[in-house]
1. For the chain, what is the accessible area per residue in Å², given a 1.4 Å probe and the full set of protein chains?
2. In this model, which of Lys144/Lys250; Lys144/Lys322; Lys250/Lys352; Lys90/Lys112; Lys90/Lys167; Lys282/Lys314 are farther than 30 Å apart at the alpha-carbon?
3. Compute the label zone of Lys227 within segment 168-186: residues whose backbone N is under 14 Å from the point 7 Å along Cα-to-Cβ.
4. List the aspartates and glutamates whose alpha-carbon lies under 13 Å from that of Lys284, not counting same-chain residues fewer than 8 positions away?
5. For segment 26-107, what size does the Cα cloud have along each of its three principal axes, sorted from largest down, in whole Å?
6. On a full-extension model of 0.36 nm per residue, what is the gain between Asn301 and Glu28, subtracting their alpha-carbon distance, rounded to one decimal in nm?
7. Determine the share of the chain's accessible area contributed by carbon and sulfur atoms, expressed in whole percent, with a 1.4 angstrom probe.
8. Can you compute the helix-only [θ] at 222 nm over the chain? Use -39500 (n - 2.57) per DSSP H run of at least 4 residues, normalise by all residues, nearest 500 deg cm²/dmol.
Amino acid sequence: MSQRLLVVEDSKPIATVIKQIARSLKYEVVVATSLAEVEELLSHDNDFFVATIDYSLPDALDGEAIACVLSHGIPGVVITGKMDDDTRQKILAQPVIDYIPKENSQAFLYLKRILHWQQTNGDNAILVVDDSSAARNHIVELLKRRNFVVHTANNGIQALEKLAQHKNIKMVITDLEMPEMGGIELTNEIRKKYSREQLAVIGISGASNGIHSARFIKNGADDFLRKPFCPEEFYCRITQNIESLNNIAKIQHAANTDYLTDLSNRRSFFRSAEQRVVEYVKRKVPYVLAMIDIDHFKKVNDNYGHEAGDQVLKVIALYMRKHFGAGLTARLGGEEFSVLLHGVDTDQLYNKLDDFRREIAVASMPIGEEHISTSVSIGLVFDSSESLSQQINLADSALYVAKENGRNQITISGAEEE
């Protein structure tokens, strides 16, 4: 279901631009052009995810629409052409998400970023660490306006416990001076477990000594804010660090993922599989390494085209996720896939792979106006203590035997010699 955006704006050209921006982000848009229209609308319909609010309307010249929208629990972004210091202070004294001066086209690009953040910030958890409840609650309130998930702690020891409990925390905002463990020591402890690519740390302090910002940064913090801070600066620092983390995550995902199927790529599979195999052997956990190949895949490309072939690869990947969700799955290249699975025993693991093979064999894949049927051949290695590269060679040899014996079947390494 689309999230709803209320656009309070009397200028048709500006309202049109905002509507286009919002619709590109999949918002459902409702426009009101006056305070009277806003009041009438909200009297019977206030189910809005967010609002953009023009500061001056024909019947509300001095920002009266802001309080009206906020009073209904709707987060609001103020858009204003009036930008003297008194107006700015008046806007910021209210619990708005942000304000944007109508200065140039950059204002609308920034608005698009804000509307996007409101949709995505719910995926980002932030831990606020401060022994002052007033200071802590103020930061929590600011973060909740931006839809962040927020956790709190009174000191560094509690913060480390919260980090262990909540794996989705992407940022820690920590005060300098706290009982039991202060901010500098906490930052140092965090960096022993979490890299800058995993977790951002922002230090805060009301102390006048400028050395504290350098101490925080040298101990692993990413940024520093001096209390009392301006909400605008606070949001800019938070957003910049969250965006940096998200960009790093996207780069890492692209580096480790097959672009077509979204499974792990060869490099990522080898790295993760080597670690898992060591653990399986050490703990004596039953496991299997499988090499999977699509039968007669060249004919699919030759008869239906490469787009159809790509679609078949994507469908095979979907079936792999369905059957091997707990395992490590990868496309190694072309029509070749691999799976590393652990389980209760050899029979259970074999049956999982055979169920996958059977379902592929009877599936009819819609490709445009055509329906394509295919099958897979699979080579297996069970509970081997060989190196990963040697296991892959053994599974590959078993896969070759499966193809030589008629395809659409499973061969276990070693069984072909019996």
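The values are calculated or read from the model by the stated rules, or taken from the named source; none is laboratory data. Bear in mind that the values here come from a model prediction, so they are computed numbers and not experimental data. Quick reminder, even Gly has a Cβ in these numbers, built from the backbone with ideal geometry, and neighbours come from all protein chains shown. Side chains are part of the model used for accessible areas, which takes the heavy atoms of the whole protein and leaves out ligands, DNA and RNA. Shrake-Rupley method; radii C 1.70, N 1.55, O 1.52, S 1.80 Å.
1. Details: 20310 Å² over 418 residues.
Accessible area per residue, the chain: 49 Å².
2. Lys144/Lys322; Lys250/Lys352; Lys90/Lys167; Lys282/Lys314
3. Of the residues in segment 168-186, 173-179, 182-184 have backbone N under 14 Å from the label point off Lys227.
4. List returned: Asp345, Asp383.
5. 35, 28, 23
6. Details: separation 273, 0.36 × 273 = 98.28 nm, distance 4.12 nm.
Extra length available between Asn301 and Glu28 comes to 94.2 nm.
7. Values: 9780 of 20310 Å².
C and S atoms contribute 48 percent here.
8. Details: 15 runs with 198 residues, N = 418.
It comes out at -15000 deg cm²/dmol, rounded to the nearest 500.
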